Amino acid sequence: MARDFSDGADGVDSGSGDSEESTETASSPSRERGRTVRNTVERRAIVGFAVATIALLLGIFYYPVATVFIDSVLVDGRWTGRVFASILRDPFYLGEPARLLVGEPVGAVIESIRSPDRRLGVIGFTAYQAALSTVASVALGLPAAYLLARYEFPGRRTLRSLTILPFVLPSIMVGVGFVATFGRNGTLNAVLGALGLGQVNLLFTLEAVVIAHAFYNAPLVARVTTAAWESVDASAVETARSLGASPFRAFRDVVAPQLYPSVLMGAALTFVFTFSTFPIVLALGGFQLATVEVFVYRLIRDLEYAEAAALALIELGISLGLLYAYLRYEAKHTVRSRGIRPLPRRPLTPPSFSVRELLPRLGLTVYAVVALAVFVAPIASMILASLSGPEGLTLANYRFLVDRQTTGASFQVQPWDAVRNSLLFGVASLAVALPMGVVVAVLTTRDYRGRKLIDAVAMAPLAVSGIVVGLGLLRGLVFGVEVGGSRIAVGGGLAIIAAHAVAGYPFVVRTVAPGLEGIDHTLVESARALGAPRARALVDIELPLVWPAVIAGAAFAFAISIGEFSATIVLASGTNQFTMPIAIERFIGRRLGPATAMGVVLLVVTSASFLLIDRLGGDDVGF
Amino acid sequence: MTTLGSKEPPPDGADSDHAAPTAVELAGVTRRYGETTAVDDLSLSVREGEFFTLVGPSGCGKTTTLRLIAGFEEPTQGEVRFNGESVTGVPPEDRDVGVVFQNYALFPHMTVGENVAYGLSFTDPPGGGSDEERVRELLELVALGDMMDRDPDTLSGGQQQRVAMARALAPGPDVLLLDEPMSALDAKLRERLRVQVREIQQELGITTIYVTHDQEEALAVSDRVAVMRDGTPEQVAPPRTIYREPATEFVATFVGDNNVLSGEVTAVRSTDRVDDSSDESGRSIADVTVDSTTLSVALDGDSGPEAAVSAGDRLTFCVRPERLTLGADRNALTATVTSAEFLGETTRVHLDWEGRELLLRAEDPPTGTVTVGFDPADAHTVDRQ
C-alpha cells in the first residue's frame, strides 16, 4: 500500500496515483480524473480566495485611501508638507494652539485660551462636542445598564437585544427623527403648544447634536456595561459582605472595579465615533456647527481636494491615536472573570415600601421618562410625521416615493430611483462583502505567521471614515487610473457598491469569526484525516455550523449598505446614483414629509435586518 | 478475513512482530513550540498490523506524537515515514490515516450515516461496493447498524465513540490513530470498549497507534507499549516486559504499583548451586545494603544496568507489591502497617519500613508490625551508578 506522497505534496490528488488501489477499487478512470481536478481546485481554493480578497481590498480600499494620502502631499506634481502645515498653523482649524506653531509666545497663547472669547477651531470644536456627547452617552447608558443587569421585568431580554439596534439604524434617519421631534413643527413644540408654553427651536444647536449622539451611543455604553455587570460573580459580593462590607462598600470595592473597563470602553468608542460624526451634524447642525468631517465634505464639494485630504488624514490620525491608546489601556486592565453565578435580579415592583427599595426604582422611573424622550420620541415622531399632511392622516408622503416623477429638473432627487438604487446597491455590495467577510474571518481565525498583520489590514476600514473612502474611490477609481497608457475608470455606481462593501464586510467578519473560533478544531482535523482538503473541510464542516452567524453578518452588511451616507454622498454628488439616505438629506430642509416617509422605509429595512441579526447571532457579535 | 480491511492480519504468535515490515516510523523527531519542547528527538517504529500504544502522564508528548503522525503538526526536526517514505509536507488528507479523538468530533450537523460516509466522498470504498454498503458494513462492525439516521447528539458517549471508530475506518485507512478515545467514558464502559477496539483491530489487521494516559489500558490492549516521559520514550516493549522488566525507575513506578529501593552493592556472587531454588540457578546475586539492611537481588540480565555489576556500585531495584510476601525469610524486612486500601480482590497495604513507604498486596490485610520478604529473583534492577 505504498502511497505516492511526492505526488500528493504537489497538490495533485494522491488517490489516483496508486495503481495497487486502483485495481482494488472498481472505480472508472473518468471518475478518478474528475476527482483529481476537483481536488486540485479544492486544495488551492483557500489560497485563491485569500489572494482575491486581499487584491480586492487593495483595489477598493487601500489604493483609493492611498490616493487621498498622496493628494495631500503631492501638489502640482511636487511633494510638499505645505498643506498640512497650513492647516496646523491656522487657528480656524486648530484654535488658539495653532498660534504656537507659527511661533507666538506660549504665555500669550495660554492667556487667550483662558479668555472667554477663545477660539476652539474646527478640530477643537469637534473634540468638544465629542466630549459632551460622550458624557451624555455615559450618563444615559449607565442607568440602562443598571436596569438591565439588576432588575427582572417583562421585556428585559427584548430591551437588551434592542441595544444593538443603533449599529444598523442609518444616522441620517435618526437625523430625520430628531428634526421631526425638535424642529419648529416638531412633536416637542406641538406638546409645548398644547401645554400653552412657548416654542423652542433646538435644531441647529449643539444640544440637538449631542442628544442625537447620545441616542446612538448610549445603547453601546449600556450594552458593554450590562455584559460586564452580568459577569460579576455574586459570590465575590457575598464574600465582601460576609467580611463586613456594607452594600455600598461591596459595590464600590467589588462590583465597580469590574465595570470601569467596560464603561471606559463604551466611552472611548463613543468619543471616537462622535469625533468623526458626519450625517447627524449635517442634518441637525448644518455648516455653522461644522465638525472636521463636515468640513472635509465641504472642501470636497468646493473641489479643494488637497486640503480635504490633509484634514481627513489629521482626523484619522487623531481617531487612530485615541483607539490605540484605548487598546493599550484595555490590554493592561481587562480582567475577564466569567461569573459562575451572576448577581440575582430584583423585581421591578418594590417588594416593600422602604426607602432603600423605593429610591432606586424612583430613579429608574425618572430615567424612563428621559429615555422615552431621547430614544422613542424621535422614531415615533418620524413615523407620525410621515403619515401626516396638511389635512391630517395621509399616505401621500409614501405615494410620493413610488411616483415616478416626470416633472422636475434632472438634478432633482427622484425618490423612487433612490429606493431602487438603495436596494440594488445593498444587494450588490452584499454579494461582495459576504464572501470577503467570510474569507477574512477564516483567515483571522487560523494560526499562521502574519495573522495579526492580516487582522489589522482587514479591520482598518472600520477606523477610516466613509468620507475618506468615498474621496479615495472618487479620486482613485471614478476619475480613473492610468494603466499602460489607457485610462481605466469605474462608474459611480460601482464605486458606491465598493464603498458599501468596504463599510459592511468588517461586520460580517465580526459576526462570523467568533463562531469559527468556537468550532472544535478536532472536527476539522477529523474531516482532513478522512481525506477532505482544507477548503472542503471549511465548506462541509465549518460553514454549515456557523451559518446563522453568516446570515446575521449578511443582514449587518445589508443594513450598513442601506444606511451608508458619508461615502455615498461624496460619490453620488453630481450623478443620479442617489440612495435613500442621500435623498433624505436633500429632502430634510425642504420637504419633511417625504424625508420622514423615506426614513420609515429605512427603519423597516434596517429593523428587519436587526431582527435577523438578533435571532441568529446577536450575542456573538464581537462588539 | 472480511472485506472490511485491505490487509492480511499478521500471523499468530509473537515472532511475527519481528517479521512484519515497518508501517510508521519516526526518525529523530523533535517538535518545539517556542521555548517548550513537546517531543524531543523521538525515534520509534511501528510495525504493520501492530497495536502500538503511547502511554505517559499528561504533557509527556504522546498526543503531539500522534498529531505529528496524522499530519496535523509538522516536526521541527526529524522525519515521519510511512512505509519507509517521508511524509514531510504531506497534508493529513493524503496520509491515509483514520483518527478518533477523545471527544469523538462527530459532525453535529450530519446524521450517523452521513458521518461515516463522509470519508467516502474522497475515495472509493475499499472492497468495491457502494458507499451505502460500506457505511452499513462499518456500522454493523461497531454494532450500531440501526443508528444510521440518528443525530450524533442523541447517542450515548459509548455509541458516539463507536461511530467515530466506524467513520475513521470507512475509507480503509492504512493506519488508525486513537487519541484517548476512552477517557470521557465511565470505567466499566471503558473496559468493555477497549476489548471491542482490540477485536476490531485484530479483525481488520490494521496498524493502530493508541494514545492513553491509562497504563492499565495500555497493558490490556497493546502488542507493544511506549512509555513516554518529557517527549521521549523511556521504554518500548511488549506489555509483559514493560510490567516485569521496567527499563527505568520512571517506568517501574508509572506502570502499576512498585517498591523502589536503592543501596550500595557490597558483593556479587555467582549461584551455580544446583540444589538451590531453580529461580536462582545460573544467575548472579548482588548483595545490596539499603541503609543497614543487606538484601539479595538477582541480576538476570547481561545488558543494561544489570550487566557487569561490581561491588561499590549503587543499585536501584524494584519489587512489585504482589511479590512481597508476609512472613518470608528471604530478604526479610520488619515494617509497620500504616494504612490499608480495600480494592476488592486484594488490599493495598501501606507499610513503613525505616522511614520508607512500602506497598504490599494482601488478601487479608495485617495490622501492627509485620515481616515481609521477597525472592531475589523478583527484584528487578532499574538503575546502576
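Among the residues of the range A:107-155, what is the count of those that are over 28 Å from A:Leu320 (Cα atoms) and touching a helix residue (DSSP H, G or I) at 6+ places or on another chain (Cβ under 9 Å)? Matching residues across the range A:107-155 total 11.
Can you pull out every residue in the range A:524-576 that is aromatic (Phe, Trp, Tyr) and part of a helix (DSSP H, G or I)? Result: A:Trp547, A:Phe556, A:Phe558. Among the residues making up the range B:102-141, those that are part of a loop (DSSP other than H, G, I, E, B) and polar (S, T, N, Q) are B:Gln102, B:Asn103, B:Thr111, B:Thr123, B:Ser130.
Here B:Arg356 meets each of (1) within 18 Å of B:Gly256 (Cα to Cα); (2) touching a residue at least 60 places away in the same chain (Cβ under 8 Å) with one exception, condition (1).
Residue by residue, here is whether (1) part of a loop (DSSP other than H, G, I, E, B); (2) among the basic types (Lys, Arg); (3) over 30 Å from B:Glu357 (Cα atoms) holds:
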| residue | (1), (2), (3) |
| --- | --- |
| B:Leu178 | no, no, yes |
| B:Ala184 | yes, no, yes |
| B:Val197 | no, no, yes |
| B:Gln235 | no, no, no |
| B:Ala247 | yes, no, no |
| B:Thr253 | no, no, no |
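Among the residues of the range B:166-214, which ones are hydrophobic (A, V, I, L, M, F, W, C), away from chain A (no Cβ under 12 Å) and in contact (Cβ under 8 Å) with a residue 60 or more places away in the chain? Correct list: B:Ala184, B:Leu204, B:Ile209, B:Val211. Within the range B:78-95, the set of residues being outside any loop (DSSP other than H, G, I, E, B), more than 7 Å from chain A (Cβ to nearest Cβ) and surrounded by fewer than 22 Cβ atoms within 10 Å (Cβ to Cβ) comprises B:Gly78, B:Glu79, B:Arg81, B:Ser86. Residues that are surrounded by fewer than 24 Cβ atoms within 10 Å (Cβ to Cβ) and among the small types (Gly, Ala, Ser) within the range A:573-608 comprise A:Ser573, A:Gly574, A:Gly589, A:Gly593, A:Ser607, A:Ala608, listed in sequence order. Taken over the range B:20-44, the residue count meeting the criterion of being surrounded by fewer than 14 Cβ atoms within 10 Å (Cβ to Cβ), not acidic (Asp, Glu) and not in a strand (DSSP E or B) is 2. Residue count for the range A:233-263, restricted to those that are of a type outside the set (A, V, I, L, M, F, W, C), outside any helix (DSSP H, G or I) and exposed (fewer than 13 other Cβ atoms within 10 Å of the Cβ): 2. The single residue among A:Val509, A:Val502 that is more than 12 Å from every other protein chain (Cβ to nearest Cβ), assigned to a helix (DSSP H, G or I) and touching a Pro at 6+ places or on another chain (Cβ under 6 Å) turns out to be A:Val502. Residues that are more than 21 Å from B:Gly129 (Cα to Cα) and within 12 Å of another protein chain (Cβ to nearest Cβ) within the range B:140-163 comprise just one, B:Pro152. Consider the range B:96-126. How many of its residues are touching a residue at least 12 places away in the same chain (Cβ under 8 Å), among the small types (Gly, Ala, Ser) and facing chain A (nearest Cβ under 8 Å)? Residues flagged as touching a residue at least 12 places away in the same chain (Cβ under 8 Å), among the small types (Gly, Ala, Ser) and facing chain A (nearest Cβ under 8 Å) within the range B:96-126 amount to 3.
All of the numbers you see were taken from the coordinates with simple rules; none came from a lab. Every value quoted in this text rests on a predicted model; they were computed, and no experiment measured them. Please note: Cβ atoms are built from the backbone with ideal geometry, for glycine as well, and neighbour counts cover all protein chains shown.
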